[in-house]
Amino acid sequence: MAQRILSGVQSSGRLHLGNYYGAIREFVRLQDQGEALYFIANYHALNTVRDGTLARQLTLETAVAYLALGLDPTKATLFRQSDIIELGELYWILGTVIPMTNLERATSYRDKIENGQSADFGLFAYPVLMAADILIYDSDVVPVGRDQRQHLEFARDWATKFNVQYVEKYDPKDPLGEKSKRPGLFKLPQAFTRDETAVVPGRDGQKMSKSYGNTIDLFAPDKEVEKQIKSVKTDSTPPEQPKPVDNQPLYQLLKVVLPPAAFADADKAWRTGGDPKTNGYGYFKNLLLEAYQQEFGPARKRYAELMNDQAEVERILKAGAEKARGYAAPVIQRVRQAVGL
Ligand code: ADP
Ligand code: TRP
């Protein structure tokens with residue numbers, strides 16, 4: 001049977017190169033390898049977006065971005081998290097077996113609090129909703145960035161805990177019940193992270209992130225993107241001299257965005273130095289801008305077209321939600337039965 005692949009993206013801001021190379025590109029590849037479900041995590045986004053009009057706009061933009069970047073609704077199912085009404089019920093039921101101590105040690109929560117986000121229940125309970133997102137569709141594989149792997153471990157642990165609690169003679173060593181004939185109520189999901197997926201650096205050299213204000217955006221207006229690329233931090237090595245490659249966001253961005261053959265040429269010029277026209281940082285920034293335009297030009301065009309056809313986007317999201325709810329229905333039914341509702 002085809003593997004069921006599931007992942008979600010928060011609609012909490014404009015998408016950037018880090019999101020593309022760290023997540024979206026992989027989602028698009030995987031749609032050919034199994035039964036893929038991707039959703040816009042617009043409930044999760046409410047933890048940071050506290051303006052209804054903006055939240056709605058970002059949900060739309062995120063959906064359109066995915067479609068523009070190659071998600072094909074005839075292959076993958078795309079939907080809004082908030083359209084799955086069964087999710088809230090599973091979120092609650094699951095929460096009844098989750099130790100507080102697990103949530104207290106969640107690194108995402110601690111990081112966010114450290115970065116000044118307020119310690120609200122929604123943020124604290126975020127991994128519970130994420131586990132419900134995963135378990136409700138009987139997902140097999142969950143492609144996620146490294147920062148999300150702990151959430152996947154939680155989802156597996158809690159699914160096991162629930163299975164042990166509610167399935168008589170359930171054997172955690174035999175989760176499918178091949179020997180015991182007592183399969184779990186929940187399937188145990190696998191995280192999937194490709195080792196070679198690089199962390200994309202931002203303009204200042206830290207990890208690219210909307211919370212650091214150091215992004216190169218995927219769908220910002222041309223002028224803004226140009227400004228972002230021109231502002232990538234460089235050092236003061238003159239064009240004639242070989243340039244250092246470590247901790248140089250411009251070098252790393254060229255490596256990520258340029259096609260391999262073009263990068264090999266750029267790499268040579270970078271390391272040798274020479275003529276300012278072909279060996280200075282200004283030249284390399286232009287190279288990055290051109291490669292960006294080549295790589296994302298068609299997606300940006302498609303994005304603008306879809307933004308002008310929101311009825312079509314809505315149709316795709318509604319059809320996706322209906323399909324996803326079809327997967328969720330038997331799971332929630334099993335759960336209700338087991339817990340006595
Ligand atoms: P942000 O840090 O901008 O808030 P998110 O946390 O919403 O981004 O990330 C969404 C997805 O994109 C995650 O799967 C994450 O791993 C991936 N991602 C985000 N930034 C990067 C980056 N700089 N490099 C690689 N992957 C990234
Ligand atoms: N927490 C994920 C992120 O910030 C988004 C997400 C929500 C998700 N629910 C999920 C990812 C379920 C995978 C599976 O990137």
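The values are calculated or read from the model by the stated rules, or taken from the named source; none is laboratory data. Computed from a predicted structure; not experimentally measured. Cβ atoms come from the backbone with ideal geometry, glycine included; neighbour counts cover every protein chain shown. What goes into the accessible areas is simple: the full protein's heavy atoms, side chains included, and nothing from ligands, DNA or RNA. Shrake-Rupley method; radii C 1.70, N 1.55, O 1.52, S 1.80 Å.
Can you report the number of residues in the stretch 135-154 which are more than 7 Å from ligand 2 (Cβ to nearest atom), free of Cβ contacts under 8 Å to residues at least 60 places away in the same chain and open to solvent by 30 Å² or more (accessible area, probe 1.4 Å)?
Selection size over the stretch 135-154: 5.
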Just give me the residues in the stretch 180-214 being farther than 25 Å from Q3 by Cα and assigned to a strand (DSSP E or B), in sequence order. P201, K207
Inspect the stretch 81-89 for any residue being within 16 Å of ligand 1 (Cβ to nearest atom) and modelled with pLDDT of 95 or more and give the result as yes or no. yes
Does the stretch 263-270 contain any residue that is of a type in the set (A, V, I, L, M, F, W, C) and under 28 Å from the mean Cα position of the chain (by Cα)? yes
Checked K161, K169 against criteria (touching a residue at least 12 places away in the same chain (Cβ under 8 Å) and surrounded by fewer than 16 Cβ atoms within 10 Å (Cβ to Cβ)); the one match is K169
Out of curiosity, is S11 on the phi < 0 side of the Ramachandran plot, at pLDDT 95 or above, out of contact with any Phe, Trp or Tyr (no Cβ under 7 Å at 6 or more places or on another chain) and within 13 Å of ligand 2 (Cβ to nearest atom)? yes
What helices (runs of 4 or more DSSP H) lie completely within the stretch 240-318 and have 1 or more residues being surrounded by 20 or more Cβ atoms within 10 Å (Cβ to Cβ) and polar (S, T, N, Q)? 276-279
Residue among S12, S7 that alone is within 14 Å of ligand 1 (Cβ to nearest atom), touching a strand residue (DSSP E or B) at 6+ places or on another chain (Cβ under 9 Å) and either more than 24 Å from N214 (Cβ to Cβ) or in a strand (DSSP E or B) (or both): S7
Scan of the stretch 24-54 for residues that are surrounded by 18 or more Cβ atoms within 10 Å (Cβ to Cβ) and in a helix (DSSP H, G or I), ordered by number: I24, E26, F27, V28, L30, N42, Y43, H44, A45
State all residues of the stretch 15-55 that are more than 13 Å from the chain's Cα centre (by Cα) and within 9 Å of ligand 1 (Cβ to nearest atom); if no residue qualifies, say none. T48
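Every residue, every condition in (1) part of a loop (DSSP other than H, G, I, E, B); (2) at pLDDT 95 or above, yes or no:
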site: R110; (1), (2): no, no
site: A119; (1), (2): yes, no
site: A131; (1), (2): no, yes
site: I134; (1), (2): no, yes
site: D138; (1), (2): yes, yes
site: L152; (1), (2): no, yes
site: F162; (1), (2): no, yes
site: E168; (1), (2): yes, yes
Do we have A106 as free of Cβ contacts under 8 Å to residues at least 60 places away in the same chain, touching a His at 6+ places or on another chain (Cβ under 8 Å) and small (G, A, S) here? yes
